[in-house]
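Every number here is computed from the coordinates shown, using simple stated rules; none is lab data. Predicted model, so just to flag it, every value in this text is computed and none were measured. Reconstructed Cβ throughout: ideal geometry from the backbone, glycine too, with neighbour counts over all protein chains shown.
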Amino acid sequence: MKIPTTWKNNMCFLLLGSALLFSCKKILDPEIVELPTAANAITTSADVEKGVAAAYSYLRAAVPDKVFLMGDVRADVFSSYSQSSNVRTETAIATNTATALLNNGGGNWKQFYTVIAQCNLLLEKIPEIANYDPSLRRKHIGEASFVRALTYFYLVRFWGDVPVNLKSVNIENLPRTPQADVFKQIISDLDVAIADLELQYGDGDKAVRATRGAAWAIKAHVLGWLQNYAGCEKLCDSVITQGPYSLVTDTMNLISIFIGKSNEGIFELNFDANAREVQKNRVYNRTLGRPWYTDQSDGGGGTDRFILSPTREQLNNMFPPSARDARLFTWFDRATCLQGVYEDRIFLGKYKTLRLKGDTASQNINESNIIITRLADIMLLRAEALASPAVGRAGEAAVLLNKVRQRAFTTPYTGGGNLADTILLERRKELIGEGQYFFDLVRTRKLDKDSKITAADWYQKGAWLLPIDQGIIAKSNFVITQNEYWK
């Protein structure tokens, strides 16, 4: 893979300044964003601050669509209301066919490497800067390391073996690196972030910039993915007991989690019209219809019959009609529903925080934050680890599970059944629409239990990995090779 060179010098400071507010259209346009900010623009700590802002901006451009489509839709959690008419192109993602995945961006990792190139540039330039406040230097190193680690974590979970590049400029074709070595780099970067970052910074940066707690949380997910549940449990415990986080207790106002910067938020991608951080995004406009979106600019976002949502059967699986669970009425919105098919679909309402007088022509109107991880996620991840045979503390797992269930006023778990499956279902109910569930199914080796990928294909044959776009393979002069399942 060829890692692109830096931008021309005369564009440097203009783009860096724009990146600070995340307001430069080019930075948010995936067809234009290919390169990190120019190296010679970073000569002071103030320049680094702008460069870090650009890294977050690149991350915000890369993650939401990809993670929602490949983390929720691929897990067969969302689909069009009909499988024969008014069907969204994304519905086919759940069939796990190459055409469906590639047509929805599942083969293209370019944006993730843009994030990595920016982080590499920062980590190269920071040691060269004099007159740098030591605490600010550590923070910047920690943030760049965290963002690079998180980006590689997405890459390796999507595609498995991926090229590892630690240089801002690299003109060599890089082959795919074995997953084990990619994970070593991820853990190394997260350990730097844990050492260099504080548990919290100012309220304005709450949850939207990396902290030690965020690094603990992502490393816990990494170790869980690697089946190191003992290490995963300890890191989750650090987040829960040492971090400044608490569950949102106003059950009727759980939407505040997605407005952003709640006490529950650990790390999230910020969207705020006042900071000019609003952009068109498939998470938002593909799960909402009228009255939130009233135009046709995305091919159906303003038409209720085009929304992506769980089927009634899927909802009843999560929230049985006879059971009480406040999340059915807080995560989902019954106020407006499919005309004439009320019993079939209701809207996912997590992302309906809209900018007043928004630009409906482009649908750049949603201000809901994209949650990467929050306290409920880490509590349930710790419960999963505690319940695993490697840790074997099922009683403590049940306590954590019930704390999350108690917030939703649902029936406590008192034993019986399969505790691991109960926790997995709880994660589906709690985190639906947050891009977690497909990763959960792979991590727990239960992909065949709750997706359209068959038991014969899902793990050993590599059906859980995404195909790699043929253009990427050809551009690398075939140094990059296709995932075995998709050959």
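Quote the FRET efficiency, to the nearest 0.05, computed for Thr481 versus Thr99 with a Förster distance R0 of 25 Å and r equal to the Cβ-Cβ distance. Provide the component values of the computation, followed by the final result.
On the way: r = 20 Å, r/R0 = 0.81.
So the FRET efficiency works out to roughly 0.80.
FRET efficiency for Ala230 and Ile129, Cβ-Cβ distance as r, R0 = 35 Å, nearest 0.05? Could you put the intermediate results ahead of the total?
Values: r = 40 Å, r/R0 = 1.14.
E(calc), rounded to 0.05, equals 0.30.
Give the order of Ile194, Ile473 when sorted by the count of other beta carbons within 10 angstrom, beginning with the fewest. The partial results should precede the final answer.
Values: Ile194 21, Ile473 17.
Listed from fewest to most nearby Cβ atoms, that is Ile473, Ile194.
At Arg445 and Ala46, where each label point lies 7 Å from the Cα along Cα→Cβ, what is the point-to-point distance in nanometres?
Calculated label separation equals 5.6 nm.
Report the net charge of residues surrounding Ala180, where surrounding means a beta-carbon distance below 15 angstrom and charges are Lys +1, Arg +1, Asp -1, Glu -1.
Its environment carries a net charge of +1.
Please give, to one decimal in nm, the separation of the simple spin-label points placed at Ala474 and Ala275, each 7 Å out from Cα toward the Cβ.
4.0 nm
Order by neighbour count: Met70, Met252, fewest other Cβ atoms within 10 Å first, most last.
On the way: Met70 22, Met252 8.
Ranked by crowding around the Cβ, least crowded first: Met252, Met70.
Quick check: the distance between the Cα centres of the stretch 183-216 and the stretch 389-451, to the nearest angstrom?
Between the Cα centres of the stretch 183-216 and the stretch 389-451 lies a distance of 26 Å.
Can you grab the distance from the C-alpha centre of the stretch 306-328 to the C-alpha centre of the stretch 147-166, Å, no decimals?
Between the Cα centre of the stretch 306-328 and that of the stretch 147-166, the gap is 34 Å.
About its Cα centre, how strong a charge dipole does the stretch 42-183 have in debye, to the nearest 20, once Lys and Arg get +1 and Asp and Glu get -1 at the Cβ?
On the way: 14 positive and 13 negative charges, 12 e Å.
With only Lys, Arg, Asp and Glu charged at Cβ, the dipole is about 60 debye.
Out of Trp486, Ser451, Gly416, whose Cα points farthest toward the positive end of the dipole of the stretch 411-487 (charges: +1 Lys, Arg; -1 Asp, Glu; placed on Cβ)?
Trp486
Which of Phe329, Phe153 comes first, and how do the rest follow, when ranked by fewest Cβ neighbours within 10 Å?
Values: Phe329 17, Phe153 22.
By the 10 Å Cβ count, ascending: Phe329, Phe153.
Determine, from the Cβ-Cβ distance of Ala195 and Val169 and an R0 of 25 Å, the FRET efficiency 1/(1 + (r/R0)^6), rounded to the nearest 0.05. Display every interim value, and only then the final one.
Numbers: r = 27 Å, r/R0 = 1.08.
With R0 = 25 Å, the Cβ-Cβ based efficiency is 0.40.
Students often check this: by mean Cβ neighbours within 10 Å, which of 197-206, 48-57, 311-320, 104-113 ranks highest, and how do the rest follow? Working shown, then result.
On the way: 197-206: 13.5, 48-57: 23.0, 311-320: 15.3, 104-113: 21.0.
Order by mean packing, descending: 48-57, 104-113, 311-320, 197-206.
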